[in-house]
């Protein structure tokens, strides 16, 4: 089999890059840092056969130490090695993504940042890697890829998912980001408002990432409502509905959702309406 020998002085790093490329890993996951982490997880050095890779758990601390000891100065690509404060980069930008890609696994039941956590190749991936450099590699790779969904393919599927919720209230349409909180806000505008505040004006709504997504400053000013500059203290939604004396009658007669409420809930709503009508 043809091996990549173009980039690194260490053959195992070239091998690691080849393996990751062969399983269709995204480019950012076979960069220099990644291929060194890969070899650390396998506990590989030049001259050692891939048949003898390790399947022991390694902590992020131990992976950093292995990389610095075996591939000093980032395999000669820098003037210094990785510092201990590289833990989050190793974990978040490589190891956790490989866990998502199902080629490594972490210790069950432990948080990602638990000092006792560790990482190792999955048994299926380890079985594949052990054949690298042998006559069995091509057949093993074909068999592995028949059941393995590549991480690049998963990323493409994620990118094709909807990026948010398109929500309409009256003549205003806003796009909310995907989150549990925004899903609740969507339900308020699409389910609660039509049933209990039909005709209400949407004066303000904040997205989890944009607290002033929709804000009608002119209308708020006309109503004497002052919006705080500190958006963390703002409500999620501000609706305005001008009630009139026929509201109680129309609600009790025509609103099916109102009819399904208990007597106690109906009385509470009518009392609430009476309060505002007499203000």
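Of all the criteria given as (1) under 27 Å from the mean Cα position of the chain (by Cα); (2) modelled with pLDDT of 90 or more; (3) within 28 Å of residue 148 (Cα to Cα), the one not satisfied by residue 11 is (1). Selection of helices (runs of 4 or more DSSP H) fully inside the range 16-85 by the criterion of at least 1 residues being surrounded by 13 or more Cβ atoms within 10 Å (Cβ to Cβ) and within 29 Å of the chain's Cα centre (by Cα) returns 32-42, 60-70. Only one of the listed residues (143, 102) is modelled with pLDDT under 95 and on the phi > 0 side of the Ramachandran plot. That residue is 102. Of all residues in the range 88-102, none are closer than 26 Å to residue 9 by Cα, part of a loop (DSSP other than H, G, I, E, B) and in the same structural domain as residue 25 (by TED's automatic domain parsing).
The values are calculated or read from the model by the stated rules, or taken from the named source; none is laboratory data. Just so we're clear, the structure is a prediction, and the values are computed from it rather than from any experiment. Heads up, the Cβs are rebuilt from the backbone with ideal geometry, glycines too, and the neighbour counts pull from every protein chain shown.
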